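Written below as C-alpha cells is the structure these notes are about.
What follows draws every value from the coordinates through simple rules; no lab data is involved. Here the structure is a predicted model, which means the values were calculated and not measured. Cβ placement follows ideal geometry from the backbone for every residue including glycine, while neighbour counts extend to all protein chains displayed.
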Amino acid sequence: MRRIKGLRGLSSQIATSREPFQPVGPTVTALPSVLPAVPEVGVQLTATEGQYDPRGAGGEVSVGGKRWLVNGVQVGTGATYTPTAANILGTLVYQEIATETGGEFDGTSIVRQASAGIVPIIAPAPYGPGDWTASSPEPNQIAFQIVNDPEMHGGTLVRRELRVGLSVYDIGLDAQGTVDDLEEAGTEDVQIRAVNEVGPSEFWSNVIRVDVTDPSGWSILPGDGDATINSYPDFSGTWVITPGDGGATISQYPDLPGV
C-alpha cells in the first residue's frame with residue numbers, strides 16, 4: 001500500500017489561514033415596520049424606520065435609500081406609498097439602508113426591509129356614461145346593453161346587477177338583454193354595477209331615467225308592410241315615423257298630447 005504523507009500538515013495550514021468573520025455595518029436593535037398591516041389600493045402606507053446602533057466606537061448611523069418594491073420592482077421612494085390597481089396581487093415590500101459613518105466601520109451599510117403583504121383584489125370600478133345603455137321597448141320592461149365593462153381591479157367579472165328604482169335585478173353576464181315584469185311603474189332611475197369575486201362595485205353607475213310604463217321614442221323604420229302603434233294613457237313621449245313603402249296607423253287615447 002502506498003502511503004500519502006503531509007495531509008495533516010496541509011489541513012492545519014488551511015485552517016489557520018482563514019480570517020475570522022468580521023461583521024460590518026450598524027447593529028439592528030429594531031426592524032422597520034409598515035402600517036396599515038394590510039395594504040389596500042388607494043390607502044397610504046407609512047413606514048417607520050428601524051433602529052440601529054453604530055458597530056464601532058465613534059461611529060454614527062443614518063438611514064436612507066427608502067423605497068417600495070412590488071415583486072422586486074421599485075414602484076416608489078420615501079417613507080410613504082399608496083398602492084394602485086397595478087399593484088394588485090403583487091407582494092409589496094418597504095426597504096431602507098442604514099449606513100455607519102466614522103469609527104472603525106466607516107462607510108459600511110446594511111439593508112433591512114419590512115413586508116407590507118400582498119395587495120388584495122378589490123371590488124370593481126363603477127360604470128360610467130357611455131359604458132352602457134338602458135331603454136324600455138315594452139311596458140314594464142327594461143332593455144340593457146353593455147358597451148364597456150369597468151376595471152375589475154385584479155378580479156373577474158362574475159355577474160352584473162341592474163337597479164330600477166329601489167329594486168335590484170341580477171342580469172348575469174349577458175352583454176345585452178331585458179328585465180321583464182317589473183314591479184315599478186312610471187319614470188324610474190336605472191343604474192348598473194359589476195360584481196367580481198370580492199363583491200359588487202362600491203358605487204352604482206350614472207343614472208339613466210326610463211319610463212317603464214309608457215315607452216317613448218318609438219320609431220317606425222322603412223319597410224314594405226304596415227305598422228300600428230297603440231298608445232297608453234298619459235303617454236308623453238315622441239313617435240317618429242320614417243317614410244317607407246307601407247303605411248302607419250296611430251291610435252290615440254284621451255289626453256294624449258299629440259304626435
Ignoring solvent entirely, what values of log10 I(q)/I(0) come out of the Debye formula for segment 25-118 at 0.14, 0.19, 0.21 Å⁻¹ when each Cα is a single scatterer? -0.51, -0.79, -0.90
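Below 14 angstrom from the Cβ of Gly25, what's the summed charge of the other residues (Lys, Arg +1; Asp, Glu -1)? Write out the running numbers ahead of the final one.
On the way: positive: Arg55, Arg112; negative: Asp53, Glu60, Glu96, Glu100, Glu104, Asp106.
Counting the neighbours of Gly25, the net charge comes to -4.
Size of the dipole of segment 132-211 about the Cα centre, Lys and Arg at +1 and Asp and Glu at -1 on the beta carbon, nothing else charged, in debye to 20? Provide the component values of the computation, followed by the final result.
Numbers: 5 positive and 15 negative charges, 48 e Å.
It works out to roughly 240 debye.
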At a Förster distance of 41 Å, what's the computed FRET efficiency of Thr133 paired with Val43, Cβ-Cβ distance as r, to 0.05? 0.75
Formal net charge of residues neighbouring Ala85 (Cβ-Cβ distance under 14 Å; K, R +1; D, E -1): -3
Over the C-alpha atoms of segment 132-211, what are the Rg and the largest Cα-to-Cα span, Dmax, in Å? 12.3, 39
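Glu197 to Ala57: FRET efficiency via 1/(1 + (r/R0)^6), r the Cβ-Cβ distance, R0 51 Å, to the nearest 0.05? Intermediate results must be reported in sequence, preceding the final value.
Values: r = 58 Å, r/R0 = 1.13.
E between Glu197 and Ala57, to the nearest 0.05, is 0.30.
What FRET efficiency would be calculated for the residue pair Asp106, Ala175, taking the C-beta separation as r and a Förster radius of 51 Å, to the nearest 0.05? Could you put the intermediate results ahead of the total?
Details: r = 67 Å, r/R0 = 1.31.
Approximately 0.15, to the nearest 0.05.
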Kirkwood Rh for segment 61-157 from C-alpha pairs, in Å, is 17.4
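Considering only the other residues whose Cβ falls under 14 Å of the Cβ of Leu166, what net charge follows from Lys and Arg at +1 and Asp and Glu at -1? Don't skip to the answer; put the middle values down first.
Values: positive: Arg163; negative: Glu161, Glu183, Glu184, Glu188, Asp189.
Result for the neighbourhood of Leu166: -4.
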Taking the mean number of other Cβ atoms within 10 Å as a proxy for protection, how do you rank 72-78, 127-133 from highest to lowest? 127-133, 72-78
Segment 173-203: GluC sites (Glu not before Pro) falling in loop per DSSP and having at most 13 other Cβ within 10 Å: Glu183, Glu197, Glu202
